[in-house]
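The block underneath contains the structure these notes are about, expressed in structure tokens.
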Amino acid sequence: MRHLEKGTLRVWQATSATDKKQYKDNFHERGGFIPPEYRVPGLKSWTVNTKPISMPDNPGVDGNFYKIDPHEVKTDEGGIRGDFGIHKDGNVPGSMGCIVMSPDRFQQFEKEITELAKDGVTSLPLFVTYS
């Protein structure tokens, strides 16, 4: 999480992609990592909505889902990707590219994002990087 004046406030470790899709440059196919901005022509940054979508009956989400926009993009190699969000790991194998956090990390994330929403922040930029 980044503050305009204070810089980076918090970083959370998360996972993305199904276990069989976790390899270099798999941004272009369904089930792979969320593509970094430089692999999506015209995309300056992803944004995360601070208003959650309640999905308690979805076994993969099992709670709140924070939508990532744009909803759908085309990568520089022609892959169509989308329907991304940030959510708690619902203990179901794999993620179709969403950003998934352990329950304790997600609880910290929700605490921070809820405070921002109370302050009138409706979305946050998300910059995707891989090491």
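Structure above, values below:
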{"item": "Tabulated pairs, the stretch 77-90, first under 24 Å from S102 (Cβ atoms), second of a type in the set (D, E) and buried (at least 17 other Cβ atoms within 10 Å of the Cβ), C-beta under 9 angstrom, 6+ apart or interchain", "result": "H87/D62; K88/D62; K88/E110; D89/D62; G90/D62"}
{"item": "Of the criteria (1) touching a strand residue (DSSP E or B) at 6+ places or on another chain (Cβ under 8 Å); (2) within 22 Å of L116 (Cα to Cα); (3) loosely packed, with under 12 Cβ neighbours inside 10 Å, which one E72 fails", "result": "(2)"}
{"item": "Any chance N64 is crowded, with 17+ Cβ neighbours inside 10 Å, out of contact with any strand residue (DSSP E or B) (no Cβ under 8 Å at 6 or more places or on another chain) and not in a helix (DSSP H, G or I)", "result": "no"}
{"item": "Which listed residue is under 13 Å from S16 (Cα atoms), more than 15 Å from the chain's Cα centre (by Cα) and aliphatic (A, V, I, L, M), from V100, V121, V92", "result": "V92"}
{"item": "Some residue of the stretch 33-55 being within 17 Å of V11 (Cβ to Cβ), surrounded by fewer than 17 Cβ atoms within 10 Å (Cβ to Cβ) and of a type in the set (F, W, Y)", "result": "no"}
{"item": "Residue pairs meeting the criteria (Cβ under 8 Å; at least 6 apart or on separate chains; first within 16 Å of K88 (Cα to Cα) and among the basic types (K, R), in the stretch 33-60; second surrounded by 12 or more Cβ atoms within 10 Å (Cβ to Cβ) and modelled with pLDDT under 95)", "result": "K51/A117"}
{"item": "Selection count where residues are at pLDDT 80 or above and touching a Leu at 6+ places or on another chain (Cβ under 6 Å), scope the stretch 1-46", "result": "2"}
{"item": "Residue match in the stretch 40-52 (condition: out of contact with any Ser or Thr (no Cβ under 8 Å at 6 or more places or on another chain), of a type outside the set (V, I, T) and under 18 Å from R105 (Cα atoms))", "result": "yes"}
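Residues checked against (1) surrounded by fewer than 18 Cβ atoms within 10 Å (Cβ to Cβ); (2) closer than 17 Å to I53 by Cβ:
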| site | (1), (2) |
| --- | --- |
| S102 | yes, no |
| R105 | yes, no |
| K111 | yes, no |
| E115 | yes, no |
| T122 | yes, yes |
| V128 | no, no |
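The values are calculated or read from the model by the stated rules, or taken from the named source; none is laboratory data. All of these numbers come straight from a predicted model, not from anything done at the bench. So basically every Cβ, Gly included, is an ideal-geometry build from the backbone, and we count neighbours across all protein chains shown.
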